[in-house]
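K.L.:
Have a look at this one before I ask anything.
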Amino acid sequence: MHLSLRVWRQKSASAFGRFETYEARNVSADMSLLEMLDEVNEDLIASGGEPIAFDSDCREGICGACSVVIDGVPHGSRHGTTACQLHLRHFKDGDTITLEPWRARPFPVIKDLVVDRHAFDRIIQAGGYVSVKTGGAPDGNAIPIPKTDVDRAMDAAVCIGCGACVAACKNASAMLFVASKVSHLSLLPQGRVERERRVLAMVRAMDDAGFGACTVTGSCEAVCPKNIRIDVIARMNREYGRALLKAGFVE
Amino acid sequence: MPLDAHIPSGPLESKWERHKSDLGLVHPRHKRKYDVLVVGSGLSGAAAAATLAELGYRVKCFCFQDSARRAHSIAAQGGINAAKNCCNDGDSVSRLFRDTIKGGDFRSREANVYRLAQISAAIIDQCVAQGVPFAREYGGLLENRSFGGAQVSRTFYVRGQTGQQLLLGAYQALSRQISLGNARMFTRTEMLDLVVIDGQAKGIVVRDLVSGEIASHAGDAVVLATGGYANMFYLSTNAKGCNATAVWRAYRRGAVFANPCFTQIHPTCIPVSDEHQCKLTLMSESLRNDGRVWVPRRREDCAKAPGSIPEEDRDYYLERKYPSFGNLAPRDIASRATKEVCDAGRGVGPGGLGVYLDFGDAIRQMGIERMRERYGNLFEMYERIRGENAYEVPMRMYPAMHYTMGGLWVDYHLMSNLQGLFVIGEANFSDHGANRLGASGLMQGLADGYFILPYTIGHYFASGRPSKAPANHPGFAAAETEVKARLARLLSVQGKRTVTSFHRELGRLLWNDCGMTRSEAGLREALRRIPELRAEFWGDVKVSGSGGELNQDLERANQVADYLELSELVCRDALMRRESCGGHFRTESVTEDGEAKRDDAQFAFVAAWEFRGEDREPMLHKEPLEYEEARMSTRSYR
Ligand SMILES: Cc1cc2nc3c(=O)[nH]c(=O)nc-3n(C[C@H](O)[C@H](O)[C@H](O)COP(=O)(O)OP(=O)(O)OC[C@H]3O[C@@H](n4cnc5c(N)ncnc54)[C@H](O)[C@@H]3O)c2cc1C
Ligand code: FES
C-alpha cells in the first residue's frame with residue numbers, strides 16, 4: 001500500500017518545529033506503524049536526509065517507550081493498542097497519516113517525536129513504592145491475598161508509563177498514571193501500610209511537575225493502551241480524602 | 001592467565017551459607033566512601049542498584065532508555081522459577097538445581113547453579129513484599145504453572161506480564177533510593193567504554209544520548225548488567241535497543257568472554273511475515289502447558305485449513321518423540337524438532353516455516369473463560385500481530401533467536417578476571433550452561449542483583465584490593481579520546497549503505513551458519529565472510545547527522561560495528577566446540593538416531609576467550625567443569 005505522512009520535525013528542544021511530508025510507498029499491510037517509519041528512515045538516510053527521531057524499544061506494547069500521536073490520538077484510534085502494535089492493515093491505501101509527539105507542558109519535546117517523560121519517574125520516586133529493603137521479607141504465602149484483590153491490583157499495575165493519558169487530556173493531567181500506582185499498591189496488604197503517605201506525596205509530586213487538574217472527561221481511559229479504567233481515579237480520590245482526614249487537615 | 005572461579009570448598013549444599021559468613025564486610029560508616037557504577041537498570045541492574053544503595057554505597061545507575069522502567073526485562077512474559085514446593089509435587093532445591101544443570105546440558109558451573117536454586121525462594125518473598133501482584137488461588141495463596149524442562153510446577157507468574165511486574169518492583173525500590181539520595185539515575189546515557197587502570201575497573205565513558213556529550217564517571221567498582229546480545233542476529237525476540245556494546249568494550253579492555261556461541265533459539269515465536277520486519281515476537285513458553293504442537297503427517301495436507309485435518313492425520317511430534325515431557329520439552333530440543341519437521345517439508349504457513357500450536361483440546365476441557373484468564377493477553381497479542389483469533393484457529397509458530405547464555409566470564413563472586421568489574425544478569429555466562437530453561441532468566445537476574453552481588457562486592461572492597469583512581473587520571477581522558485575518534489570515524493565514512501542493511505546481512509549469515517544447526521563448513525564460511533563484511537562496513541557505511549545531538553542512527557552504527565566483531569568470536573567459539581550440546585547442535589556430532597551427541601571427554605569446559613589486539617587471534621582459556629553432585633548423563637526427555 002501507499003501512505004502519505006505528515007510528520008512533526010523539530011531539531012531540538014529549543015528549535016521551532018513544523019510538519020514535513022513524506023511518502024511511504026510499497027509498504028505492506030502486515031507492517032506496524034513503527035516498522036513503516038523504519039522504512040521511511042532507511043530511505044531518508046540513503047538519500048542524505050535526516051531520519052525521523054522516535055522512541056521505541058520492545059515493539060510489543062509493554063515497555064511504554066513509543067509515544068506518537070497518530071491523527072490526533074495518542075497511539076492512534078485503535079482501542080488498547082500502542083503505536084508499536086498498530087498495524088497498517090488498519091489504514092486504507094492512499095491515506096494521509098499525521099504523526100506528532102506527545103504534547104503536554106510537563107513532557108517537553110527533545111527532538112521530532114521524542115519527548116522527555118522524567119516527570120513520571122519523579123512521581124514514582126516521591127512515593128510509588130513499598131518501603132521494604134532487600135532481605136528479611138516474610139514468606140510470600142504468609143499473608144493470603146484474596147484472588148479478586150490481586151486481580152484488581154494487577155488491572156491497575158499493568159500501566160506501562162507511556163504517558164498517553166497525559167497527552168490525551170486537555171489539562172495534561174497525570175491522574176490515570178498516578179491513580180494506577182496508588183490503586184495497585186493500596187489494594188494489596190503489603191502496600192496498605194504506608195498508603196496515606198504515598199498518596200499525599202505522589203499527588204504533591206504530580207502537582208509540582210506541572211500536570212493539570214482532572215475534570216473527569218475520560219479521554220485518558222479512551223487512549224490507555226492497557227485499558228486501565230477511570231475507576232482507579234475514583235479510588236485514588238478516596239485514598240486521598242482518607243489520607244487527608246487521617247492526617248488531620250483538609251486543605 | 002589462569003582463570004580461578006574461586007569456588008568455596010566444602011559440601012555443595014553449604015558452600016554459599018558458609019562462604020557468606022566468611023566474606024569480608026565493610027563497616028556501615030565506610031560504605032559511603034565507595035562509588036559503585038551500575039550499568040543497566042533491568043532486573044539484575046535495578047535490583048543491584050537498589051540493594052547496594054540501601055546498604056549505604058553511593059550508587060550511580062545508567063540506562064540508554066528514557067526511564068529505568070523500560071529495560072528489556074519488562075518484556076518477559078511467562079514467569080519465574082523458585083523451589084518453594086507450593087504444589088506439594090516433590091519440588092526441592094536439589095531438584096531445581098538438577099533440572100537447571102541438566103537443562104544446561106552439563107555446561108554450567110555446579111556451585112553457581114546450586115546457589116541459584118537455594119536463593120530462588122527468597123526472591124519470591126522479596127517480590128511479594130514489594131507489592132508484586134503474583135497470581136493467587138482462590139484461597140489467597142500463590143499459584144504456580146509448569147515450564148519446559150521440568151516435571152513439577154514451580155513457576156510463579158503475573159498473568160503474561162511477569163517481567164514487567166518484577167521489573168517495576170525493582171524500579172520502585174531503586175526509585176525509593178533515588179529519592180533518599182543514595183542512588184542517582186542517568187537515563188538516555190550509553191556506556192561506550194570501560195576504564196581500566198592497573199588491571200582494575202575504575203570507571204566508564206558514556207555518551208549523553210540527548211546532547212551527544214562524551215563524559216566519564218569514576219567508581220570503585222563497575223557492575224555490568226547490560227543484558228544479552230541476541231540482537232546481533234538482527235531478527236530476535238529482544239527489544240530493539242538491546243546490544244552488546246558494554247560487554248564487548250569490556251572484552252576489548254581485557255575481560256574474558258565465556259561461551260560466546262551458546263545462544264538460545266526459542267521454539268514458539270510468531271513467524272516472520274515479510275522482509276521488512278525488524279523484530280520477532282515471542283509467545284510465552286507457558287502456552288505449551290496447554291497448547292499442543294503439531295504439523296500435518298503428510299506434506300500434501302500442509303496447505304489445508306488446520307481444522308479440516310483429522311486427528312489421525314496430525315503429527316504431534318513433540319509428544320511422539322518425547323513422551324514424558326511432550327510439549328514441554330526444553331527449548332533447544334523443541335526448536336530443533338520443529339526445524340526438522342519444517343525442513344522435511346511439513347511446515348505450515350508462508351514458506352513452510354511454521355507449526356501449529358493448538359489450544360482446541362484445552363479449550364474443550366477447561367472452557368474458554370479459564371483460557372482467557374491464563375493467556376488472555378498472549379492471545380490478544382497474537383491476534384493483533386497476525387489478525388487471527390487463536391481461540392478458533394491454532395497459532396502458527398516458528399523458532400527465533402531469543403537469549404544468550406554466553407557472556408563475560410565471572411567467578412563465584414560474579415567478578416570478571418578484571419578486578420572490580422562485576423557482571424550480572426544475562427550479561428554474564430554463569431548459570432545456564434548451553435541452554436537456559438524457561439523462567440530461570442528472571443530468577444538468575446534477581447538472585448545476582450538482590451542476593452549475591454551485595455555480599456561479594458563488599459568483600460572486594462573489604463579485602464583492600466581497590467585503590468582510588470582520581471577522575472583526572474589520564475586513563476579517563478585517553479578512553480574518552482578513543483570513543484570520540486571512533487564516533488567521528490563512523491560519521492566520516494559517508495558511504496552508500498545504511499547501518500540496517502549491514503545488520504540485516506550479518507543477521508542472515510549468522511542465522512544460517514551459526515543458528516540452530518552448525519557445521520564445520522558453514523562456520524568456516526561465516527568466519528571468512530564476517531571480516532569482509534566488517535571491512536565493507538567501515539568503507540561504505542552511511543551514518544546521518546552529527547555527534548552533538550540525539551542521533552539514533554549513530555547509536556545503531558556503533559552497536560552494529562561491535563556486532564561485526566563479536567559475531568566473529570561467536571563463530572570461532574562455535575567452530576572450536578566440535579560437539580552438540582544444548583542450543584549448540586553440530587552436524588558432525590550426532591548419535592545414530594539423529595540426536596545431539598555431547599562430548600564430555602573433550603568439551604566439558606567453559607571456553608573463555610581473551611582479546612589480544614585487533615590483528616591477533618584471541619586466546620582460549622579453559623575452565624574445566626567438574627561435577628560433585630550432578631551426574632553427567634546423556635540428556636533424555638523421552
Ligand atoms: C520476549 C522475552 C521474554 C522473556 N520471558 C522470560 C520469562 O518468562 N522468564 C524468564 O525467566 N526469562 C525470560 N526472558 C529472559 C529475561 O527476560 C532476560 O534474560 C532478563 O530480563 C535480562 O535481564 P538483565 O537485567 O540481564 O538485562 P536487561 O533487562 O536486558 O537490561 C539491560 C539494561 O542495560 C542497559 N544497557 C545495555 N547496554 C547499555 C549501555 N551500553 N549503556 C548503558 N546502559 C546499557 C539497558 O538500558 C537496560 O537497562 C525473556 C526474554 C525475552 C526477550
Ligand atoms: S515500543 Fe515498547 S510499548 Fe511500544
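The values are calculated or read from the model by the stated rules, or taken from the named source; none is laboratory data. Note that the structure is a prediction, hence the values are computed from the model and not measured. Reconstructed Cβ throughout: ideal geometry from the backbone, glycine too, with neighbour counts over all protein chains shown.
K.L.:
B:ALA71 - would you say it is modelled with pLDDT of 95 or more, within 20 Å of the chain's Cα centre (by Cα) and within 16 Å of ligand 2 (Cβ to nearest atom)?
P.N.:
It is true that B:ALA71 is modelled with pLDDT of 95 or more, within 20 Å of the chain's Cα centre (by Cα) and within 16 Å of ligand 2 (Cβ to nearest atom).
Yes/no per residue for (1) part of a helix (DSSP H, G or I); (2) in the same structural domain as B:LEU37 (by TED's automatic domain parsing):
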{"residue": "B:GLN365", "(1), (2)": "yes, no"}
{"residue": "B:GLU380", "(1), (2)": "yes, no"}
{"residue": "B:GLU426", "(1), (2)": "yes, yes"}
{"residue": "B:LEU437", "(1), (2)": "no, yes"}
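K.L.:
Applying the selection to region B:567-604, what residues are part of a helix (DSSP H, G or I) and under 26 Å from B:ARG528 (Cβ atoms)?
P.N.:
Within region B:567-604, B:SER567, B:GLU568, B:LEU569, B:VAL570, B:CYS571, B:ARG572, B:ASP573, B:ALA574, B:LEU575, B:MET576, B:GLN602, B:PHE603 meet the criteria.
K.L.:
Would region B:281-303 turn up any residue that is under 29 Å from B:SER546 (Cα atoms), part of a loop (DSSP other than H, G, I, E, B), within 14 Å of chain A (Cβ to nearest Cβ) and over 14 Å from the mean Cα position of the chain (by Cα)?
P.N.:
The answer is no; no qualifying residue exists.
K.L.:
State all residues of region B:346-363 that are closer than 14 Å to B:ILE270 by Cα and part of a helix (DSSP H, G or I); if no residue qualifies, say none.
P.N.:
B:PRO350, B:GLY351, B:GLY352
K.L.:
Is it the case, given these coordinates, that B:PRO454 is assigned to a helix (DSSP H, G or I) and more than 8 Å from ligand 1 (Cβ to nearest atom)?
P.N.:
The answer is yes for B:PRO454.
K.L.:
Regarding B:VAL59, is this residue in the same structural domain as B:ASP220 (by TED's automatic domain parsing), over 18 Å from B:GLY227 (Cα atoms), modelled with pLDDT of 95 or more and not in a helix (DSSP H, G or I)?
P.N.:
Yes.
K.L.:
Taking the criterion of being assigned to a loop (DSSP other than H, G, I, E, B) and either surrounded by 24 or more Cβ atoms within 10 Å (Cβ to Cβ) or near ligand 1 (Cβ under 9 Å from one of its atoms) (or both), would at least one residue in region B:175-196 satisfy it?
P.N.:
Scanning region B:175-196 turns up at least one residue that is assigned to a loop (DSSP other than H, G, I, E, B) and either surrounded by 24 or more Cβ atoms within 10 Å (Cβ to Cβ) or near ligand 1 (Cβ under 9 Å from one of its atoms) (or both).
K.L.:
Go through (1) crowded, with 21+ Cβ neighbours inside 10 Å; (2) aliphatic (A, V, I, L, M); (3) more than 14 Å from chain A (Cβ to nearest Cβ) one by one and return the number of the condition B:ALA462 breaks.
P.N.:
The number of the failed condition is (1).
K.L.:
Is region B:309-317 home to any residue that is under 30 Å from B:PHE106 (Cα atoms), more than 14 Å from chain A (Cβ to nearest Cβ) and crowded, with 16+ Cβ neighbours inside 10 Å? Full working, then the answer.
P.N.:
Pass one, region B:309-317, residues under 30 Å from B:PHE106 (Cα atoms): B:316-317.
After this cut, where a residue has to be more than 14 Å from chain A (Cβ to nearest Cβ) as well, the list is B:316-317.
If we keep only those that are crowded, with 16+ Cβ neighbours inside 10 Å too, we end up with B:316-317.
Scanning region B:309-317, I find at least one residue that is under 30 Å from B:PHE106 (Cα atoms), more than 14 Å from chain A (Cβ to nearest Cβ) and crowded, with 16+ Cβ neighbours inside 10 Å, so the answer is yes.
K.L.:
Can you find a residue in region B:181-201 that is within 14 Å of another protein chain (Cβ to nearest Cβ), without any contact (Cβ under 8 Å) to a residue 24 or more places away in the chain and not acidic (Asp, Glu)?
P.N.:
yes
K.L.:
Of the residues that sit in region A:140-171 and are closer than 16 Å to A:ILE233 by Cα and more than 12 Å from the chain's Cα centre (by Cα), which one is farthest from the other protein chains (Cβ to nearest Cβ)?
P.N.:
Going through the qualifying residues, I end up with A:ASN171.
K.L.:
Tally up the residues in region B:133-169 that are at the interface with chain A (Cβ under 10 Å from one of its Cβ atoms) and touching a Phe, Trp or Tyr at 6+ places or on another chain (Cβ under 9 Å), please.
P.N.:
Selection size over region B:133-169: 10.
K.L.:
Another question about this same structure. Taking region A:194-251, which residues are of a type in the set (S, T, N, Q) and either over 19 Å from A:PHE107 (Cα atoms) or within 16 Å of ligand 2 (Cβ to nearest atom) (or both)?
P.N.:
A:THR215, A:THR217, A:ASN227, A:ASN237
K.L.:
Tell me whether region B:67-76 contains one or more residues that are surrounded by fewer than 23 Cβ atoms within 10 Å (Cβ to Cβ) and of a type in the set (D, E, K, R).
P.N.:
The answer is no; no qualifying residue exists.
K.L.:
Something else: Only one of these is of a type outside the set (Phe, Trp, Tyr), closer than 30 Å to B:ASP105 by Cα and surrounded by fewer than 21 Cβ atoms within 10 Å (Cβ to Cβ): B:ASP361, B:ASP332, B:ASP343. Name it.
P.N.:
B:ASP343
K.L.:
Looking only at helices (runs of 4 or more DSSP H) that lie completely in region A:74-176, which have at least 3 residues being in contact with a strand residue (DSSP E or B) (Cβ under 7 Å, 6 or more places away or on another chain) and not aromatic (Phe, Trp, Tyr)? It would help to see each step written out before you state the result.
P.N.:
Values: elements: A:118-127, A:147-157, A:164-168.
Because the criterion is at least 3 residues that are in contact with a strand residue (DSSP E or B) (Cβ under 7 Å, 6 or more places away or on another chain) and not aromatic (Phe, Trp, Tyr), the helices (runs of 4 or more DSSP H) in region A:74-176 that meet it are A:164-168.
K.L.:
Please find, among A:VAL216, A:VAL178, the residue that is in contact with a helix residue (DSSP H, G or I) (Cβ under 9 Å, 6 or more places away or on another chain), of a type in the set (Val, Ile, Thr) and closer than 15 Å to A:ARG122 by Cα.
P.N.:
The conditions single out A:VAL178.
K.L.:
Out of B:LYS20, B:LYS60, B:LYS84, which single residue is within 16 Å of ligand 1 (Cβ to nearest atom) and within 14 Å of another protein chain (Cβ to nearest Cβ)?
P.N.:
When all the criteria are applied, what remains is B:LYS84.
K.L.:
Between a first residue in region A:28-48 that is within 17 Å of B:PHE502 (Cβ to Cβ) and a second residue that is assigned to a helix (DSSP H, G or I) and hydroxyl-bearing (Ser, Thr, Tyr), which pairs have beta carbons less than 7 Å apart while being 6 or more apart in sequence or on different chains?
P.N.:
Sorted first by the residue in region A:28-48, then by its partner, the pairs are A:GLU42/B:THR500.
K.L.:
Which condition number in (1) on the phi > 0 side of the Ramachandran plot; (2) modelled with pLDDT under 95; (3) of a type in the set (Gly, Ala, Ser); (4) touching a Ser or Thr at 6+ places or on another chain (Cβ under 7 Å) is the one that B:GLY78 fails?
P.N.:
For B:GLY78, the failing item is (1).
K.L.:
Would a scan of region B:35-51 turn up a residue that is within 29 Å of B:LEU180 (Cβ to Cβ), assigned to a loop (DSSP other than H, G, I, E, B), more than 10 Å from chain A (Cβ to nearest Cβ) and more than 16 Å from ligand 2 (Cβ to nearest atom)?
P.N.:
Checking region B:35-51: at least one residue is within 29 Å of B:LEU180 (Cβ to Cβ), assigned to a loop (DSSP other than H, G, I, E, B), more than 10 Å from chain A (Cβ to nearest Cβ) and more than 16 Å from ligand 2 (Cβ to nearest atom).
K.L.:
Check region A:66-75 and report whether any residue there is away from ligand 1 (no atom under 16 Å from the Cβ), over 14 Å from the mean Cα position of the chain (by Cα) and either of a type in the set (D, E, K, R) or surrounded by fewer than 17 Cβ atoms within 10 Å (Cβ to Cβ) (or both).
P.N.:
Yes.
K.L.:
Output the residue which, of all residues in region B:241-264 that are of a type in the set (Phe, Trp, Tyr) and not in a loop (DSSP other than H, G, I, E, B), is nearest to B:ASN231 (Cα to Cα). Steps first, please.
P.N.:
To start, the set of residues in region B:241-264 that are of a type in the set (Phe, Trp, Tyr) comprises B:248, B:251, B:257, B:262.
Restricting the remaining residues to those that are not in a loop (DSSP other than H, G, I, E, B) gives B:248, B:251, B:257.
On the way: B:TRP248: 14, B:TYR251: 18, B:PHE257: 17 Å.
Among them, the one singled out is B:TRP248.
K.L.:
Then there is this: Somewhere in region A:40-61, is a residue loosely packed, with under 14 Cβ neighbours inside 10 Å, more than 9 Å from every other protein chain (Cβ to nearest Cβ), in a strand (DSSP E or B) and over 21 Å from the mean Cα position of the chain (by Cα)? Let's see the steps before the verdict.
P.N.:
Start the filter on region A:40-61 by keeping residues that are loosely packed, with under 14 Cβ neighbours inside 10 Å, which leaves A:47-48.
Restricting the remaining residues to those that are more than 9 Å from every other protein chain (Cβ to nearest Cβ) gives A:47.
Restricting the remaining residues to those that are in a strand (DSSP E or B) gives none.
No, the conditions are met nowhere in region A:40-61.
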